[in-house]
1. Taking all pairs of different Cα atoms in region 2-83, averaging 1/r and flipping that mean, what Kirkwood radius in angstroms comes out?
2. Can you compute 3J(HN,Hα) from phi for each residue in region 36-46, using the Karplus curve 6.51 cos²θ - 1.76 cosθ + 1.60 with θ = phi - 60°, rounded to whole Hz and x for Gly and Pro?
3. For a quick check: with amide H placed at 1.01 Å from N, whose amide H comes under 5 Å from Phe24's, ignoring anything fewer than 5 positions away on the same chain?
4. Compute the relative contact order of region 2-83 as a whole-number percentage, counting only Cα pairs closer than 8 Å that sit 6 or more residues apart in sequence.
5. Work out from phi, with θ = phi - 60° and the Karplus expression 6.51 cos²θ - 1.76 cosθ + 1.60, the ³J(HN,Hα) of each residue of region 20-29, listed in order in whole Hz, and give x for Gly and Pro.
Amino acid sequence: MINIIDEVGELLNEYNLNLNDVIFVFNGNVVENEDFLEKYDVFYDNGWGLCNFTNIQIVIDDYTWFERTSYDGCEKFVLKAHPLLSKYQNRESHTEYFYER
């Protein structure tokens with residue numbers, strides 16, 4: 001059994017972040033940090049089995065985010081980021097990247 005708030009705290013510590021770096025939490029609706037701490041202060045079985053928390057995204061102030069994923073009932077957060085557009089600025093067309101001539 002694990003507390004999801006503790007899990008989020010460990011996740012943030014792993015990336016040298018804290019709750020002040022979090023802009024908001026999204027679970028289908030925007031959840032303020034204080035509401036997240038209150039609503040998700042629960043223990044759950046983090047082993048294999050049913051998914052307990054799905055569709056949670058934690059948006060960080062550099063606009064990266066942690067996305068809650070699961071595989072066969074095992075849940076975890078994965079760090080996500082937008083692609084760097086500077087890699088594609090020298091192309092004639094933005095669609096050229098996606099379609100070969």
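Only the coordinates and a few stated rules stand behind these numbers; no lab work does. Source: prediction; values computed, not measured.
1. Details: mean 1/r = 0.0769 Å⁻¹.
Computed over Cα pairs of region 2-83, the Kirkwood hydrodynamic radius comes out at 13.0 Å.
2. 4, 4, 6, 5, 9, 7, 9, 9, 8, 7, 8
3. Counting only residues 5 or more places away or on other chains, the set is Val59.
4. Numbers: 123 pairs, mean separation 22.0, N = 82.
Here the relative contact order equals 27 percent.
5. Coupling constants for region 20-29: 5, 7, 7, 6, 7, 10, 10, 9, x, 9 Hz.
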